[in-house]
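K.L.:
This structure is in structure tokens; I'll ask about it shortly.
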Amino acid sequence: EDQVTQSPEALRLQEGESSSLNCSYTVSGLRGLFWYRQDPGKGPEFLFTLYSAGEEKEKERLKATLTKKESFLHITAPKPEDSATYLCAVQATTSGTYKYIFGTGTRLKVLA
Amino acid sequence: NAGVTQTPKFQVLKTGQSMTLQCAQDMNHNSMYWYRQDPGMGLRLIYYSASEGTTDKGEVPNGYNVSRLNKREFSLRLESAAPSQTSVYFCASTETGDPDEQYFGPGTRLTVT
């Protein structure tokens, strides 16, 4: 069964304390892996797309990496404004059709 | 560009009532999606439309119907609301869908009593 699992469920960091969020997946026919940021009461906001193992993408304090089984979202020297829920999703093909599968997210709180 | 817009933002229904959630995008995207988000469950796909004139079921389609009115608009209808449909509903769009990042609307918070 296609599945996406994110860990930890919640993470509290001090401002400046770097850490990583994990997204592990078991899908057939991976087409792409996506990271989104979701603020309370809002829709998810796109961050990154990764297509193949070994690929990396960076944006400000965020860096996403991909292996054959998992992806990491590294947060370097986070600030309070980085507090949000981070969602991972994969796009896979099944029987000629594609589908998106989302993880349940990691709630990140960065303390000043 | 407004991106993806959804109406209404909030809605309370009684069991058995019907309603339509509206979604529109101004990015000239081909594919559109309806999701529901429940605590601890992640986003689950209800229906999607790969292109104008086509719609397909997602993971949790029971109790819902959709209409791709034109390239811009994709509506979700609850014919007879049930408490299990209490959720936050998000509409999303992608340029092509293969593979492609999704752009989400602000959501509709629906409560069914």
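The values are calculated or read from the model by the stated rules, or taken from the named source; none is laboratory data. Please read all numbers here as calculations on a predicted model, not as lab measurements. Backbone-built Cβ (ideal geometry, glycine too); neighbour counts: all protein chains shown.
K.L.:
Which residue is farthest from the other protein chains (Cβ to nearest Cβ), if the candidates are limited to segment B:73-113 and must be more than 11 Å from B:V4 (Cβ to Cβ) and in contact with a Pro (Cβ under 8 Å, 6 or more places away or on another chain)?
P.N.:
Result: B:T113.
K.L.:
If only one of A:Q6, A:Q38 is surrounded by 15 or more Cβ atoms within 10 Å (Cβ to Cβ), at pLDDT 95 or above, more than 24 Å from B:S31 (Cβ to Cβ) and within 10 Å of chain B (Cβ to nearest Cβ), which one is it?
P.N.:
Working: A:Q38 fails: more than 24 Å from B:S31 (Cβ to Cβ).
Of the residues listed, the single one that is surrounded by 15 or more Cβ atoms within 10 Å (Cβ to Cβ), at pLDDT 95 or above, more than 24 Å from B:S31 (Cβ to Cβ) and within 10 Å of chain B (Cβ to nearest Cβ) is A:Q6.
K.L.:
Can you report the number of residues in segment B:13-28 which are within 22 Å of A:F34 (Cα to Cα), surrounded by fewer than 22 Cβ atoms within 10 Å (Cβ to Cβ) and of a type outside the set (A, V, I, L, M)? Lay out the reasoning, then the answer.
P.N.:
Narrowing segment B:13-28 to residues within 22 Å of A:F34 (Cα to Cα): B:25, B:27-28.
Now narrow it down to the ones that are surrounded by fewer than 22 Cβ atoms within 10 Å (Cβ to Cβ): B:27-28.
From what is left, the residues that are of a type outside the set (A, V, I, L, M) are B:28.
Residues flagged as within 22 Å of A:F34 (Cα to Cα), surrounded by fewer than 22 Cβ atoms within 10 Å (Cβ to Cβ) and of a type outside the set (A, V, I, L, M) within segment B:13-28 amount to 1.
K.L.:
Yes or no: A:K109 more than 26 Å from A:G29 (Cβ to Cβ) and more than 11 Å from every other protein chain (Cβ to nearest Cβ)?
P.N.:
Values: more than 26 Å from A:G29 (Cβ to Cβ): yes; more than 11 Å from every other protein chain (Cβ to nearest Cβ): yes.
Considered against the rule, which asks whether it is more than 26 Å from A:G29 (Cβ to Cβ) and more than 11 Å from every other protein chain (Cβ to nearest Cβ), A:K109 comes out as yes.
K.L.:
Here's another thing I want to ask about it. Which of the numbered conditions does B:T86 fail, given that it passes all the others? Conditions: (1) among the β-branched types (V, I, T); (2) surrounded by fewer than 21 Cβ atoms within 10 Å (Cβ to Cβ); (3) under 10 Å from the mean Cα position of the chain (by Cα).
P.N.:
(3)
K.L.:
A further question on this structure: If a residue has to be away from chain A (no Cβ under 11 Å) and more than 29 Å from A:T106 (Cβ to Cβ) to count, how many in segment B:38-63 make the cut?
P.N.:
Total meeting the criteria: 8.
K.L.:
Enumerate the strands (runs of 3 or more DSSP E) found wholly within segment B:70-113, keeping only those where 3 or more residues are under 25 Å from A:Y51 (Cα atoms).
P.N.:
In segment B:70-113, B:87-94 are the strands (runs of 3 or more DSSP E) which contain 3 or more residues that are under 25 Å from A:Y51 (Cα atoms).
K.L.:
Residue under question is A:R31, and the condition is that it be over 15 Å from A:S7 (Cα atoms) and touching a Phe, Trp or Tyr at 6+ places or on another chain (Cβ under 8 Å); does it hold?
P.N.:
Yes: the conditions hold for A:R31.
K.L.:
Among (1) in a strand (DSSP E or B); (2) surrounded by 20 or more Cβ atoms within 10 Å (Cβ to Cβ); (3) within 10 Å of chain B (Cβ to nearest Cβ); (4) not hydrophobic (A, V, I, L, M, F, W, C), where does A:G43 come up short?
P.N.:
Only one criterion in (1) in a strand (DSSP E or B); (2) surrounded by 20 or more Cβ atoms within 10 Å (Cβ to Cβ); (3) within 10 Å of chain B (Cβ to nearest Cβ); (4) not hydrophobic (A, V, I, L, M, F, W, C) is unmet by A:G43, namely (1).
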